[in-house]
1. Would you mind getting me the FRET efficiency between residue 231 and residue 105? Use the beta-carbon distance for r and R0 = 41 Å, nearest 0.05.
2. Label segment 51-159 by shape, choosing from rounded, prolate and oblate, from the square roots a ≥ b ≥ c of the eigenvalues of the Cα gyration tensor; if a/c is under 1.5 it is rounded, and otherwise prolate applies when a/b is larger than b/c, oblate when it is not.
3. Percent antiparallel among DSSP beta bridges with both residues in segment 12-156, to the nearest 5?
4. Taking H placed 1.01 Å from N in the peptide plane, check which residues at least 5 places from residue 208 or on another chain put their amide H under 5 Å from its amide H.
5. What is the helix-to-structure angle for 62-73, meaning the angle in degrees between its Cα long axis and the longest Cα principal axis of the chain, kept from 0 to 90 and rounded to the nearest 10?
6. Please give the length that would be gained between residue 199 and residue 11 if that part of the chain were fully extended, namely 0.36 nm times their separation in residues minus their C-alpha to C-alpha distance (nm, one decimal).
7. Explain nothing, just the number: relative contact order of segment 98-255, from Cα pairs under 8 Å at least 6 residues apart, as a whole percent.
8. Between segment 186-255 and segment 55-114, what's the alpha-carbon centroid distance in Å?
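All of the numbers you see were taken from the coordinates with simple rules; none came from a lab. The structure displayed is predicted, hence computed values, not measured ones. With ideal geometry, Cβ positions are generated from the backbone for all residues, glycine too; neighbour counts draw on all protein chains shown.
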Amino acid sequence: MTARIDQLWPEPMDDLGDDELIADLAAPPGPWLRVNFVSSVDGAATTAGVSGEAVSGGLGDAADKRLFELLRRVSDVVMVGAGTVRAEGYGALRVSDDSARWRQKRGLAAHPVFAIVSGSLDLDASSTIFSDAPVPPVIITTARASAERLARFDGLADVIVAGTDALDVRLALAGLHERGLLHVLNEGGPSLFGSLIAADAVDELCLTLAARLEAGDAPRIAHGPVEAPANLALTRVLKHESTLLLRYGRAVTAG
Ligand SMILES: NC(=O)c1ccc[n+]([C@@H]2O[C@H](COP(=O)([O-])OP(=O)(O)OC[C@H]3O[C@@H](n4cnc5c(N)ncnc54)[C@H](OP(=O)(O)O)[C@@H]3O)[C@@H](O)[C@H]2O)c1
């Protein structure tokens, strides 16, 4: 059964259908970076999974999963940090049949492109991420990446070199845009989000606030070597049971 999602704000609307959720998710023309995270009320970005490993999956409910899929549906590319790919055991990126049909009707590729950010290239080239990919994934790395590791992905992935020593997320995004991948959905994790905040690259944040208190030492949704405060403006509040599905844009500064 589809998880019911109501809108609380800006105006109340009951039981939104996929089309109503999507209509409001259409990004403006041109490059756009949307970030999607789930957090507990006390700020944890992970919870212990079945295996005891800290992952985000246990925080998200059926409504979060519904929105997660719809966000992918409207994106050209899904960008994820290698830490998240390793921790969450990502496989090939495929949207649902409904999403694929929706995309094809609009002249889009059936599936968005999967882009993985990794400096070390400590990625398994035999993973289904590559072998089952409906479209070749993109690997975003630096000029310091080992040639031997890079060679493992020959013919499996398109490589963007974004920076010499350190990875420059602005160059990474520019590389995606050059490939016609303008609407970028970032699904984390916290290190990559921290770099995107520091580069002032984030246009929109979708944040699911799970009605849980985790305590412990779980990471927050963003961290990084520099503090890079950014003011946000709330643009939408959705609700499913006790879960809030929040959306923020950039705060408009006076002047
Ligand atoms: N709550 C949520 O919604 C949510 C979402 C996503 C992830 N998570 C959780 O977050 C945890 C993973 O955290 P994380 O911080 O390790 O995730 P991450 O940001 O996905 O991964 C960090 C890794 O990605 C690469 N990377 C990211 N930004 C980079 C940059 N600016 N320059 C160079 N390389 C960069 C590096 O890979 P290499 O090591 O290969 O160089 C780095 O070690 C997992 O437990 C996951 O479950 C939670």
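1. Numbers: r = 38 Å, r/R0 = 0.92.
With R0 = 41 Å, the Cβ-Cβ based efficiency is 0.60.
2. On the way: a/c = 2.33, a/b = 1.31, b/c = 1.78.
Oblate is the answer for segment 51-159, as a/c is 1.5 or above yet b/c matches or exceeds a/b.
3. Values: 2 of 10 bridges.
Antiparallel: roughly 20 percent of the beta bridges in segment 12-156.
4. Under 5 Å from the amide H of residue 208 lie the amide H atoms of 37, 38, 39, 246, each far enough along the sequence or on another chain.
5. It is inclined by approximately 50 degrees.
6. Working: separation 188, 0.36 × 188 = 67.68 nm, distance 3.29 nm.
Length difference between fully extended and current span is 64.4 nm.
7. Working: 200 pairs, mean separation 23.4, N = 158.
In percent, rounded to a whole number, it is 15.
8. Spelled out, the Cα-based centre of one part sits 18 Å from the other.
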